[in-house]
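Remarks on the structure that follows.
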Amino acid sequence: MAQKYSLNVNGKVHSVDADPDMPLLYALRGDLGLNNPHFGCGVDQCGACTVHLDGRPIRSCTTPISTVRDAKVVTLAGLGSPSSPHPLQTAWVEEQVSQCGYCTNGWIMTAAAFLRDKKKPTEAEIKNALAGLKCRCGTHMAILRAVKRAAAMMG
Amino acid sequence: MTKIEKSAAFSRRSILKTGGAFVVSIGSPIGLDTLLGINAALAQGAKPPLVPGELSSYIAINADGSVSAFFGKMDMGQGLHVAVGQMVAEELDVPFGRVTVIMCDTASSVNQGGASGSTGIQTGGRQLRVAAAEARRVLVEMAAEKIGVSADQLTVTDGVVHSKSDPAKKASYADLIGGRYFNVPLEWNKQIGNQLYAPGKAKPKPPSEYKIVGQSINREDIALKVFCRQDFVTDISVPNMVHGRTIRPPVAGAVPVKVDESSIADIPGAKVVWEKAFLGVVADKEWDAIKAAHKLKIEWSNAAPPFPENASALYDHIRKAPVRMRKVEKENGNLDEAFRTATRVVEAEYEWPFQSHASMGPGCALVEVKDGQATLWSGSQKTHYARDGVAAMLGMPPEKVRGIWVSGPGAYGRSDAGDAAMDAAVLAKAVGRPVRVQYMRDEGTGWDPKGPASIHRARAAIDAAGNVVAYEFASKAFSRLDVFSNESKPHDSLAGQLMGVPLKSGDAFNVPSETYEFANKRTLWETIPPLLDRASPLRTAHLRDPVGPQIHFASESFMDELAAALRIDPVELRLRHLKDPRDIAVVKAAAEKSGWVSRPSPRRDQTGDSVTGRGIAYAQRNGTRVAIVAEVDVDRRSGKIWARKFTVAHDCGQIINPGGLKLTIEGNIVQGTSRTMWEEVQFDRKNVTSIDWLTYPILDITEAPETIDVVAINRPELAPTGAGEASMRPVAAAIGNAIFDATGVRIRRVPFSPDRVKQALS
C-alpha cells in the first residue's frame, strides 16, 4: 500500500506517496518531474539512472524509495549548473563527449564521486572506477579524455 | 519530466531558439508571435504550402535576422544539425550562430527521409545547401531593387547585403524579408525521402570561398544534456497521460488465449488492452504500469518453439535453408572457366550472428489523440514515415497526424523505437487517453529488430605464376528487411503483426563494396526465409551500417587469407588489385600513419602467451572510403583480445566539420569493436535469451582502445558523402586480421569472445 515519503533532492524536500518497493527512479522522474536520471535497464547494469545518495553513486532504478530515508539525493541537475558547473560538466562540453547523451548520468555521477576521493588518478584507475557503465554510442574515448581533463581541473 | 501544456509545444526548440520563426508571405504579412504559430499559419493559409518545391519549406529569415532551417532529417548524436547549420550559414553569408536547424517535425519540415544510411549531409545537407544558396540569391535581388544597385555589384556580409564599392548602400536580411515567408518555387525532382532534391536558380559557393564549412564548430546541445536542460523523448509528458507497457509471450509466436484482469484489480487505474494477439496494460503511474505488466495472469497458446537449438546451431540452419532469392550483383569474365584451370584455389567461410540495437534506453513513444487530430512524439529515425504508420494504425488520414521527433536513447537504425510508436498508437486509441510507452530492458534487447545473421563464402583462383585470376564472394543470410526501415506500414511493426497484418519480409542483402579488379569476378547474395513469420524477436531490420560489418568482415578477412596464401604483405595485395585512386589513397594513408612495415602475415617472431599483431581492412560505403589498421594484444592463455590501437584513414569527400567527423569515427570504431568482440544475440528454441547487458554484453570502458588515430582526407572539391557508418564496416576484419598476424590462427566467426578465441588458439 502507498505510504508517504519525504525526499531531500538537490537541497529541496519533497513529499511523495508511493509503494515502499517503488524504485527511487520513478519518484524522481514521475512524482518530482526531473528529466534526469534516465531509465536504462531497471536491473542495475548500465548506470543511466545514477544519482548520489549522501555523496555515494547509486542506481536509482533498483533502490526502493523506502530505503532512502533522510539521505540527501543529488541528481546530475543538482551537481552543477551553467553558472556554477561541476568540472566534469565543463569537461564534457569541452570534449564534446555525448552522442545521444542518454548515458550521461552514469558516467558523470560515478566519476564525480571517484574524482572527489581520488586526486590525480591514473588512466587505469579511471577505467576501473567506471567499469560496468554503459555507453552504446561508443563515446568511450571522449569520456576518458573528459574525465582526465576534469581530474586535472580538480587538482 | 517536462509537462507539455499545449500539444504543439516545441520544448527543445524553445530552449535553443527564443526568436522563433516569425515568417509570413512576402506581401501579405500576418503577425505571428511564436514558432508555435506554425500550425496557425498553416490553418490561415498564410505560409506557402509545406511542400518540397517551396523555398519556405527549408529556409525562413526571422524578424531579428536570425535564420530557421527546416530539416527533414535529424541528428542521431553525431552533430548533424551543426554541420547542416554550417552549410546553411555558409551559403547565406550569415554567422553560424544565427542559424537554428529545426529537425523533423512534420508540421515544419518536408520528408527528407529522416536518419537513413548516413545521408544526413550527403543528400539532406545538399538540399539545405542549395535552398540556402537560392535564398541568398533572392535576397540579393530584393536588395538590388531596394537600394538601386545592380545585383552583380552587391555582396553579403553577416546577413547584410551591400554594395561592393559603397558599403553604406545596404539592406539587411531582416529589413528585406525578416518575419515574412519566402514565396519562391524550387525545381523539385518529385521525390521524397533521401532522394528529394529541389534546387533553385542559384549555384552554391565554390569551396575556395568557404569560411564556415570546414571549421570544427561545437555542438550546443551537449551543454543542454549535461545540465539537464533538454528533454529526451522519454521525458515528454502531456496532461491526462497514462503509461503503457506491452507484454510479450514466453514462447515467440504464442498468443494470449486467456487474460485474467482481476489479477491486477488492486493496482490503481490499471487497465488491460487486448486486441487479437496484442496485449498491453496502462496505468496512471509508470511504476503501476510496470507492476501490472508483471502481475497480469495470462494463458498463452501452445506455440511450437520456432528457433534452432542455440546461436551456434543457427549457421547449419542457414546452410541448409531454402534460398528465397538469389542475386548476382556483379560479374565479369568467365569465373567457372578460371576456377577449372586454376593451379590453386583458396576458399573460406565466415559467420556473423544476429545482433541487437540494444539502445541505451529501450524504445519510447507518446501518442495523443484529441479532437480528431493525433500527435506522435518519437525518437525514431523516420518521423514523417512514422506519422504515416501511426495514422494507418489509428485509421486517420496522415494530414491529421503530426509527428514530432525528440532525441531518443540512442538510435542505430530501425530499432524498437519504431515499434514503440505503433504500440503507443494502439494503446491510445483503445483507452482514449494519451499513452506513453517505454519498454523494459528485456524487450529493448530481446524484442528489438535484429541485424541479420549470415554466412559468407569466398574463393579465389590462383594461376601458376601466383596471380589471383578469379574471385567469388557469396553471402547466404536472413534478409536485412523482414521489417522495412521506414515505419510507414503496420505490417512492419510488432503491433501490426500481432493484430493480424501478415509480415511482408522483403529480400535484401548486399555484396562487398570495394573496387578490387580481377579478370574474373562474381559477387552475389542469397536470402532465406525468417525463422518465424510473425511478430518475431529475431525479425530483421536495419542496424547501423546494415549488413556492412558482416559482409566486410568476411570479404576483408578473405583478402588477408589470400595475401597469406601468396606469402605477400596484406597492404601490397590490396594495392595490386585496387585501381580507384581514392581507395588507394586511404589504404596507403592508414598504412603510413600506423607505421606499417611491409611483410607477410602472420609474424613469426613471437613466443610466449602475450603476442601482438596488426591487420588492415578497407571498404567503401556510398562514396566514402575507409581503411583501418588495427593493432591488437592477444593473451593466448585467456583468449582475451585487446584492440589497442586503430589508425583510420577516412575520405568522405568535402569535410564539413572536422571535429564532429573525428568523434563520429571514434564512435563507429568503438561500437564496431563492441560488435566484433562481444555481440551475439543468444536464444533457445523458444525465445531470445539475450535480455539485458549480462546476456548481451557490449564493450566495456576497461576494454576501450588506447588510441584511435584518424587521418581525415579532405576533398573540398568533391560533394560530401556520409560518415555515420562507413568506418564501422572494416573494423571486424581489421581486428581479425591482426589476431591472425599475432597468432597465425584465423577466426572466422564473430564475436571474438575470449572463450572462442581460446578455443581457436588451443
Can you pull out the residues in segment B:381-411 that are at pLDDT 95 or above, in a loop (DSSP other than H, G, I, E, B) and closer than 22 Å to residue B:109 by Cβ? B:381, B:382, B:396, B:397, B:406, B:407, B:408
Top-ranked residue in segment B:604-639 [being among the basic types (Lys, Arg) and surrounded by 17 or more Cβ atoms within 10 Å (Cβ to Cβ); ranked as farthest from residue B:550 (Cα to Cα)]: B:636
Given the conditions (1) over 11 Å from residue B:378 (Cβ atoms); (2) surrounded by 24 or more Cβ atoms within 10 Å (Cβ to Cβ); (3) within 11 Å of chain A (Cβ to nearest Cβ), every one holds for residue B:440 apart from (2)
Could you tell me how many of the residues in segment A:103-155 are among the hydroxyl-bearing types (Ser, Thr, Tyr), more than 9 Å from chain B (Cβ to nearest Cβ) and within 27 Å of residue B:359 (Cα to Cα)? 1
Give me a count of the residues in segment B:285-328 that are part of a loop (DSSP other than H, G, I, E, B), of a type outside the set (S, T, N, Q), closer than 30 Å to residue B:527 by Cβ and touching a residue at least 24 places away in the same chain (Cβ under 8 Å). 12
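If you check residue B:603 against the conditions, is it in contact (Cβ under 8 Å) with a residue 12 or more places away in the chain, closer than 27 Å to residue B:218 by Cα and assigned by TED's automatic domain parsing to the domain that holds residue B:734?
For residue B:603, the condition - in contact (Cβ under 8 Å) with a residue 12 or more places away in the chain, closer than 27 Å to residue B:218 by Cα and assigned by TED's automatic domain parsing to the domain that holds residue B:734 - is not met.
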Answer residue from segment B:673-715, given it is in a loop (DSSP other than H, G, I, E, B) and of a type in the set (A, V, I, L, M) and is farthest from the other protein chains (Cβ to nearest Cβ) among those: B:681
Taking segment B:273-284, which residues are free of Cβ contacts under 8 Å to residues at least 40 places away in the same chain and surrounded by fewer than 20 Cβ atoms within 10 Å (Cβ to Cβ)? B:274
Output for segment B:250-265, where each listed residue is closer than 21 Å to residue B:287 by Cα and surrounded by 20 or more Cβ atoms within 10 Å (Cβ to Cβ): B:264
If residue A:95 satisfies all but one of (1) more than 20 Å from residue A:151 (Cα to Cα); (2) buried (at least 17 other Cβ atoms within 10 Å of the Cβ); (3) more than 7 Å from every other protein chain (Cβ to nearest Cβ), what's the number of the condition it fails? (1)
Selection status of residue B:640, out of contact with any Phe, Trp or Tyr (no Cβ under 9 Å at 6 or more places or on another chain) and either at the interface with chain A (Cβ under 10 Å from one of its Cβ atoms) or in contact (Cβ under 8 Å) with a residue 40 or more places away in the chain (or both): yes
Listing of strands (runs of 3 or more DSSP E) fully contained in segment B:143-199 that carry 2 or more residues being in contact with a strand residue (DSSP E or B) (Cβ under 6 Å, 6 or more places away or on another chain): B:160-163, B:170-172
Being of a type outside the set (Phe, Trp, Tyr), over 28 Å from residue B:727 (Cα atoms), surrounded by fewer than 21 Cβ atoms within 10 Å (Cβ to Cβ) and more than 7 Å from chain B (Cβ to nearest Cβ) is the requirement here; does residue A:71 meet it? yes
Turns out the helices (runs of 4 or more DSSP H) fully within segment B:533-633 with at least 3 residues that are polar (S, T, N, Q) are B:548-566
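I'm trying to understand the selection: among the residues of segment A:6-21, which are farther than 22 Å from residue B:241 by Cα, surrounded by fewer than 21 Cβ atoms within 10 Å (Cβ to Cβ) and either touching a residue at least 12 places away in the same chain (Cβ under 8 Å) or within 13 Å of chain B (Cβ to nearest Cβ) (or both)?
Within segment A:6-21, the subset farther than 22 Å from residue B:241 by Cα is A:6-14, A:20-21.
The next check asks that each one be surrounded by fewer than 21 Cβ atoms within 10 Å (Cβ to Cβ); those that pass are A:6, A:8, A:10-14, A:20-21.
Once the filter is applied, which keeps residues that are farther than 22 Å from residue B:241 by Cα, surrounded by fewer than 21 Cβ atoms within 10 Å (Cβ to Cβ) and either touching a residue at least 12 places away in the same chain (Cβ under 8 Å) or within 13 Å of chain B (Cβ to nearest Cβ) (or both), segment A:6-21 yields A:6, A:8, A:10, A:11, A:14, A:20, A:21.
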Based on what the data block shows, is residue A:90 β-branched (Val, Ile, Thr), surrounded by fewer than 24 Cβ atoms within 10 Å (Cβ to Cβ) and modelled with pLDDT of 95 or more? yes
Residue count, segment A:114-126 (criterion: within 18 Å of residue A:56 (Cα to Cα) and crowded, with 17+ Cβ neighbours inside 10 Å): 3
Of all residues in segment B:710-750, how many are farther than 30 Å from residue B:567 by Cβ and of a type in the set (Ser, Thr, Tyr)? 1
Kindly indicate whether residue A:65 is over 15 Å from the mean Cα position of the chain (by Cα), of a type in the set (A, V, I, L, M) and within 29 Å of residue B:410 (Cβ to Cβ). yes
Here is a list: B:623, B:595, B:615. Which entry is on the phi > 0 side of the Ramachandran plot and in contact (Cβ under 8 Å) with a residue 24 or more places away in the chain? B:623
Residue B:202 fails exactly one of (1) assigned to a strand (DSSP E or B); (2) away from every other protein chain (no Cβ under 14 Å); (3) buried (at least 17 other Cβ atoms within 10 Å of the Cβ), namely (1)
Only one of A:36, A:105 is surrounded by 22 or more Cβ atoms within 10 Å (Cβ to Cβ), touching a Ser or Thr at 6+ places or on another chain (Cβ under 9 Å) and modelled with pLDDT under 95; which? A:36
Given (1) under 27 Å from residue B:444 (Cβ atoms); (2) assigned to a helix (DSSP H, G or I); (3) without any contact (Cβ under 8 Å) to a residue 60 or more places away in the chain, identify the lone condition not met by residue A:89. (1)
Is there a residue being within 16 Å of residue B:352 (Cβ to Cβ), crowded, with 24+ Cβ neighbours inside 10 Å and in the same structural domain as residue B:590 (by TED's automatic domain parsing) anywhere in segment B:661-672? yes
Working only within segment A:33-59, note down all residues that are more than 9 Å from every other protein chain (Cβ to nearest Cβ), of a type in the set (A, V, I, L, M, F, W, C) and not in a strand (DSSP E or B). A:49
Restricting attention to segment B:488-507, does a residue exist that is touching a helix residue (DSSP H, G or I) at 6+ places or on another chain (Cβ under 7 Å), on the phi > 0 side of the Ramachandran plot, in a loop (DSSP other than H, G, I, E, B) and not aliphatic (A, V, I, L, M)? no
Residues located in segment A:22-32, provided they are more than 7 Å from every other protein chain (Cβ to nearest Cβ) and not in a helix (DSSP H, G or I): A:23, A:32
From the set of residues in segment B:356-375 that are away from every other protein chain (no Cβ under 12 Å) and in contact (Cβ under 8 Å) with a residue 40 or more places away in the chain, which is nearest to residue A:38 (Cα to Cα)? B:365
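The values are calculated or read from the model by the stated rules, or taken from the named source; none is laboratory data. In this text, all values refer to a predicted model and were calculated from it rather than measured experimentally. Glycine also receives a Cβ, built like all others from the backbone with ideal geometry; neighbour counts cover every protein chain displayed.
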